[in-house]
Each structure stands twice: as structure tokens, then as C-alpha cells.
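Every read-out reported here was derived from the displayed coordinates using simple, explicitly stated rules and does not represent laboratory data. Source: prediction; values computed, not measured. Neighbour counts run over all protein chains shown; Cβ positions are idealised from the backbone, glycine included.
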Amino acid sequence: MLRSIWVIITIPLVVIHFAILYFWVFDWRKLVTQVGLISWIGSIILGTLVYFAYRKFIRNQKFTVISRKVLFSSTLMTIVLGVLALIIEAIARSMP
């Protein structure tokens with residue numbers, strides 16, 4: 001039961017992470033809106049919480065190990081995109 005709940009949460013979360021990647025590359029203006037930033041930060045927080053829940057509650061099942069790795073990778077990618085966006089914004093603001 002718990003495994004199916006985590007899968008139901010994980011799949012849309014990974015899709016949201018890849019949607020954030022798509023918008024970051026092709027249409028970044030949608031990410032800097034209020035809804036975009038809430039989605040970005042919320043998906044990072046939810047991804048981190050679900051990853052740690054996977055580590056705590058579900059162990060050593062092949063599917064859950066793969067799900068956990070995919071979730072960790074997509075959450076890490078979203079965090080890196082956020083850091084890069086902040087660096088780019090700081091560099092752009094420092095230019096005369």
C-alpha cells in the first residue's frame with residue numbers, strides 16, 4: 001500500500017521536474033512568475049521529502065530502488081537549475 005502511494009507521488013513529481021527543465025531551457029519567463037517559483041520550490045521540497053521517505057520506509061525492492069534513484073536525480077537536477085538561475089541573475093545584474 002505504502003509503495004503504491006509513493007509511486008503515485010513520484011511519477012508526477014518527476015514529470016514536473018522535467019517540465020521545469022523544459023521551461024528553463026526554452027521559456028524561462030514562465031519560471032520567474034509567482035506560480036513558476038512556487039512550483040519550482042515546492043517540487044524541490046516535495047522531492048527531497050519523498051526521497052527521504054523512500055530511504056526510511058521502503059528498502060531493497062528493485063522497482064523502489066530505481067524510483068528512488070530517478071527521483072533523486074531529477075530533484076538534484078532541479079536544484080542545480082535553481083542555483084544556475086541565481087548565478088546567471090547575479091551576473092546579469094552586476095553588468096553595467
When the scattering of segment 1-53 is computed by the Debye formula from its Cα atoms alone, each counted once and equally, what is log10 I(q)/I(0) at q = 0.20, 0.23, 0.30, 0.32 Å⁻¹?
-0.70, -0.84, -1.14, -1.22
Cut-off 11 Å, label 7 Å out along Cα→Cβ of A85, residues of segment 24-57 by amide N
24-25, 27-44
Relative contact order computed over segment 2-94 (Cα-Cα under 8 Å; 6+ residues apart), in percent
38
Here segment 88-95 yields Karplus 3J(HN,Hα) values (6.51, -1.76, 1.60; θ = phi - 60°; whole Hz; Gly and Pro given as x) of 4, 5, 5, 5, 5, 6, 7, 6
Degrees separating the helix 2-26 axis from the principal Cα axis of the chain, which is the longest one:
20
Beyond 24 Å, what share of the Cα-Cα pairs of segment 2-94 remains, rounded to the nearest whole percent?
27
How far apart, in nanometres, would the label points at V15 and F72 be if each is projected 7 angstrom from Cα along the Cα-to-Cβ direction?
2.5
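How would you rank 23-29, 9-15, 36-42, highest first, on the average number of other Cβ atoms within 10 Å across their residues? If you can, show how the numbers build up before the last one.
Details: 23-29: 12.1, 9-15: 16.1, 36-42: 14.6.
Ranked by mean Cβ neighbours within 10 Å, highest first: 9-15, 36-42, 23-29.
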Checked against the positive end of the charge dipole of the chain (+1 on Cβ of Lys and Arg, -1 on Cβ of Asp and Glu, about the Cα centre), the farthest of A19, T64, G42 is T64
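Taking 25 Å as R0, compute the FRET efficiency from the Cβ-Cβ separation of T33 and M95 and round it to 0.05. Don't skip to the answer; put the middle values down first.
Details: r = 23 Å, r/R0 = 0.94.
So the FRET efficiency works out to roughly 0.60.
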